[in-house]
1. Could you list, in sequence order, the residues of the stretch 28-45 that are exposed (fewer than 15 other Cβ atoms within 10 Å of the Cβ) and among the charged types (D, E, K, R)?
2. Can you name every residue in the stretch 111-132 that is among the aliphatic types (A, V, I, L, M) and within 17 Å of Ile19 (Cα to Cα)?
3. In the stretch 116-134, how many are loosely packed, with under 15 Cβ neighbours inside 10 Å and away from the ligand (no atom under 11 Å from the Cβ)?
4. Cβ contacts < 8 Å: first residue under 13 Å from Phe82 (Cβ atoms) and modelled with pLDDT of 95 or more, restricted to the stretch 3-31; second residue surrounded by 18 or more Cβ atoms within 10 Å (Cβ to Cβ) and of a type in the set (Ser, Thr, Tyr), any location; separation 6+ or different chain. Result?
5. Scan the stretch 42-55 and give yes if some residue there is in contact (Cβ under 8 Å) with a residue 60 or more places away in the chain and out of contact with any Phe, Trp or Tyr (no Cβ under 7 Å at 6 or more places or on another chain), otherwise no.
Amino acid sequence: MAQLMEDEVFMAFTTYAAIVTVKMMLMGPLTAYYRITRGAFSNEEDVGRKSAEEKKKLLKTHPDVERVRRCHQNDLENIVPFVVVGLLYALTGPDLSTALLHFRIFVGSRILHTIAYVCILPQPSRGLSYITGLLVTFSMAHRVLSTVLFF
Ligand SMILES: N[C@@H](CCC(=O)N[C@@H](CS)C(=O)NCC(=O)O)C(=O)O
């Protein structure tokens, strides 16, 4: 394990995986921010001490909250596979420069995806950033499978 932590590709993977995971985790506080500012809550206990009338007003969905939630969901669909496949990829011993290119493009694409989704940028900005990240993960999966294929 200590030897693995000194491997440059593994260190690069750990760095970018941590960055993109923290980005994904920040979607939670961002959702909370939108809930509070838009007055849109989903649980009765979240609006505990209000009158029945006020509760009714606050227990609703809001398009901005739903947008951030979809963005978070999309992160889960893409970042979790990146972390799993990226770890296996790092273990196949790729070139440092090739690995860095994969990790940087993926993290950049997911940051752009979030900006495009939350700031409502016109398509195809979100679609292209999503496809870019997906291609990076597929490229790493290709390397993993072509290195260790064993049925
Ligand atoms: N689960 C996704 C699968 C396809 C996907 O991830 N598309 C990208 C680019 S259009 C996206 O940002 N989808 C919006 C979303 O997941 O809410 C969906 O329902 O759209």
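1. If the condition is that a residue be exposed (fewer than 15 other Cβ atoms within 10 Å of the Cβ) and among the charged types (D, E, K, R), then Glu44, Glu45 are the ones that fit.
2. If the condition is that a residue be among the aliphatic types (A, V, I, L, M) and within 17 Å of Ile19 (Cα to Cα), then Ile111, Leu112, Ile115 are the ones that fit.
3. Selection size over the stretch 116-134: 4.
4. Phe13/Tyr89; Lys23/Thr114
5. Looking for residues that are in contact (Cβ under 8 Å) with a residue 60 or more places away in the chain and out of contact with any Phe, Trp or Tyr (no Cβ under 7 Å at 6 or more places or on another chain), one finds none in the stretch 42-55, hence no.
The values are calculated or read from the model by the stated rules, or taken from the named source; none is laboratory data. Treat the numbers as computed from the prediction; the structure is a model and nothing was measured. Backbone-built Cβ (ideal geometry, glycine too); neighbour counts: all protein chains shown.
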